[in-house]
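The numbers here are math on the coordinates, done by the rules we state, and not lab data. It should be emphasised that the depicted structure is a prediction, and the values quoted were computed from it without experimental measurement. Reconstructed Cβ throughout: ideal geometry from the backbone, glycine too, with neighbour counts over all protein chains shown.
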Amino acid sequence: MLKSEIIEKLQTKHSNLNNYDIELILKIFFKKIVSSLNDGNTIEIRGFGTFKKKINKEKQVRNPKNNEILFKKQTYKLHFKIGKTLHKKLNNLSL
């Protein structure tokens, strides 16, 4: 689902808000999630899941073309753990 599709669905559901307001709300929502993850916090949306920032350690890697050894710096990745309610809905289990 695209961001524009989310905006359209919210517009039909909440006709008192215009597209600009809905888009602004989504931008604030996503910006808050990103800033919280950058601060090292975990984001938990009950029934949906948990977002957490994990570390990829520094390591030496090899370029397969020329066997050159390179040094890869520490990076971060996003880890998502699905919530029970969403897991049950996706797998058609009774709640």
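Per the listing K72, K53, K27, the residue uniquely in contact with a Phe, Trp or Tyr (Cβ under 8 Å, 6 or more places away or on another chain) and among the basic types (K, R) is K53. Across segment 41-85, which residue is farthest from K31 (Cα to Cα) among those that are hydrophobic (A, V, I, L, M, F, W, C) and more than 15 Å from the chain's Cα centre (by Cα)? Filtering first and then ranking leaves I69. Tallying residues that are part of a loop (DSSP other than H, G, I, E, B) and either within 25 Å of K89 (Cβ to Cβ) or in contact with a Cys (Cβ under 7 Å, 6 or more places away or on another chain) (or both) within segment 1-23 yields 3.
Quick check on I55: is it among the hydrophobic types (A, V, I, L, M, F, W, C) and surrounded by 12 or more Cβ atoms within 10 Å (Cβ to Cβ)?
No: the conditions fail for I55.
Those strands (runs of 3 or more DSSP E) of segment 24-95 in which at least 1 residues are among the basic types (K, R), more than 29 Å from Q11 (Cα to Cα) and touching a strand residue (DSSP E or B) at 6+ places or on another chain (Cβ under 8 Å), considering only elements entirely within it, cover 49-56, 59-62, 69-72, 75-82. Q11 passes every criterion in (1) surrounded by fewer than 12 Cβ atoms within 10 Å (Cβ to Cβ); (2) over 23 Å from K81 (Cα atoms); (3) without any contact (Cβ under 8 Å) to a residue 12 or more places away in the chain apart from (1).
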